[in-house]
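Taken together, the values in this text are just the output of simple stated rules run on the coordinates, not laboratory data. What you see is a predicted model, and the numbers here were worked out from it, not measured in a lab. Cβ: placed from backbone, ideal geometry, glycine included. Neighbour counts: every protein chain shown.
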Amino acid sequence: MQLSFELVTYDDELDSFELDETIYQIELDDEAAKTYEVVKSSDLLLYSWLKKSDFFLKYIKEEVYQDSENKKIAISDINGVSYRRFYFFKVTSGDSHYEYFKKLFNIHEESEWQDREDVGEEILEHLSTRRKELILELG
């Protein structure tokens, strides 16, 4: 089974992400393919599994970023599951992103009239921590 994925690079100084617009593919062995089938229904479980997989890290270091000293990356897409909202969320982002993060971070609006900007700022606070968890440091 082939797994397609895309990456973003992280810049510490600017605290920003940049999309690497290349679609990479890696062949999964039978065991990894079975694990993929189990975790694919949960986007964050899928991300965590891939991030911690030795075969994935080896592929990144040997095939994608050979000069990876002090490079920080994150996964932006895995087989059509997108994580870009984690890196590029803005207070002006679309409703679907607000709903996703309100559910993920258990944010309850006090009223229907609560300012969307306040909710967006709360999401950004939560994201500042979550983004750090998503980054892979290549050494």
Check: Based on the alpha-carbon gyration tensor of region 17-139 and its eigenvalue square roots a ≥ b ≥ c, which shape applies: rounded if a/c is under 1.5, prolate if not and a/b is larger than b/c, or oblate?
Finding: prolate
Check: Cross-link list LYS61/LYS102; LYS58/LYS102; LYS52/LYS102; LYS34/LYS90: which exceed 32 angstrom alpha carbon to alpha carbon?
Finding: LYS61/LYS102; LYS58/LYS102; LYS34/LYS90
Next item on the list: Identify, among LEU45, LEU14, ILE78, the residue whose Cα sits farthest towards the positive end of the charge dipole of region 2-78, taking +1 on the Cβ of Lys and Arg and -1 on the Cβ of Asp and Glu, with the dipole about the Cα centre.
Entry: LEU45
Check: Around LEU127, what is the net charge, scoring Lys/Arg as +1 and Asp/Glu as -1 over all other residues with Cβ under 13 Å from its Cβ?
Finding: +2
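Please get the size of the charge dipole for the chain, origin at its Cα centre, with Cβ charges of +1 on Lys and Arg and -1 on Asp and Glu, quoted in debye to the nearest 20. Kindly include the intermediate steps, with their values, before the conclusion.
On the way: 17 positive and 33 negative charges, 78 e Å.
The dipole magnitude comes to about 380 debye.
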Check: Sequence-distant or interchain residues sharing an amide H contact under 5 Å with LYS71, placed H: which?
Finding: LEU138
Check: Which residues' amide hydrogens lie under 5 Å from the amide hydrogen of ASP20, considering only partners 5 or more residues apart or on another chain, with H built in the peptide plane?
Finding: LEU7, VAL8, THR9
Next item on the list: Can you figure out the FRET efficiency of GLN66 with ASP15, using R₀ = 25 Å and their beta-carbon distance, to the nearest 0.05?
Entry: 0.45
Next item on the list: Under 12 Å Cα to Cα from LYS71, which aspartates and glutamates show up? Leave out anything in the same chain fewer than 8 places away.
Entry: ASP11, ASP12, GLU137
Check: Put +1 on the Cβ of each Lys and Arg and -1 on the Cβ of each Asp and Glu in region 97-138; which of LEU134, PHE101, GLY120 then has its Cα farthest toward the positive end of the dipole?
Finding: LEU134
